[in-house]
1. Only one of Phe64, Phe33, Phe54 is exposed (fewer than 10 other Cβ atoms within 10 Å of the Cβ) and aromatic (Phe, Trp, Tyr). Can you tell me which?
2. Mind listing whichever residues of region 24-72 are over 15 Å from the mean Cα position of the chain (by Cα) and either charged (D, E, K, R) or closer than 30 Å to Val13 by Cα (or both)?
3. Surrounded by 10 or more Cβ atoms within 10 Å (Cβ to Cβ), out of contact with any Lys or Arg (no Cβ under 6 Å at 6 or more places or on another chain) and not hydrophobic (A, V, I, L, M, F, W, C), is that true of Ser42?
4. Hey, among Ala83, Ala74, which residue is touching a residue at least 40 places away in the same chain (Cβ under 8 Å) and among the small types (Gly, Ala, Ser)?
Amino acid sequence: MPKPTVRTGQTDVTLSREAFERRLRERFYDPAFDAVQAGKLSVNQWTEHRAFCFWCLLAAGSTFAAVPLVVPEARAALRQLLA
């Protein structure tokens with residue numbers, strides 16, 4: 001196997017604190033919003049069709065199950081942002 005060549009001379013991509021915070025807020029992802037959206041879609045499914053799709057319920061259930069897993073990380077990130 002040939003040895004890979006090392007790439008050098010790339011530009012520095014260091015962000016200022018202000019630019020980092022701006023980009024962080026632009027790309028903010030809230031898993032609680034996914035849970036709200038899954039609940040809304042489940043209610044909508046029942047009101048429109050009077051039935052539930054098994055795969056839709058499975059997806060909604062896994063979304064609800066993931067919310068408690070991300071709460072500690074979300075709290076730590078919020079504390080760091082506010083500090």
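Every number in this text was worked out from the coordinates using simple rules, so none of it is lab data. Since we're looking at a predicted model, the values are computed, not measured. Note that we place each Cβ from the backbone using ideal geometry, even for glycine, and neighbour counts take in every protein chain shown.
1. Numbers: Phe64 fails: exposed (fewer than 10 other Cβ atoms within 10 Å of the Cβ); Phe33 fails: exposed (fewer than 10 other Cβ atoms within 10 Å of the Cβ).
Sole residue among the options that is exposed (fewer than 10 other Cβ atoms within 10 Å of the Cβ) and aromatic (Phe, Trp, Tyr): Phe54.
2. Lys40, Glu48, Arg50
3. Details: surrounded by 10 or more Cβ atoms within 10 Å (Cβ to Cβ): yes; out of contact with any Lys or Arg (no Cβ under 6 Å at 6 or more places or on another chain): yes; not hydrophobic (A, V, I, L, M, F, W, C): yes.
So Ser42 passes the test.
4. Details: Ala83 fails: touching a residue at least 40 places away in the same chain (Cβ under 8 Å).
Sole residue among the options that is touching a residue at least 40 places away in the same chain (Cβ under 8 Å) and among the small types (Gly, Ala, Ser): Ala74.
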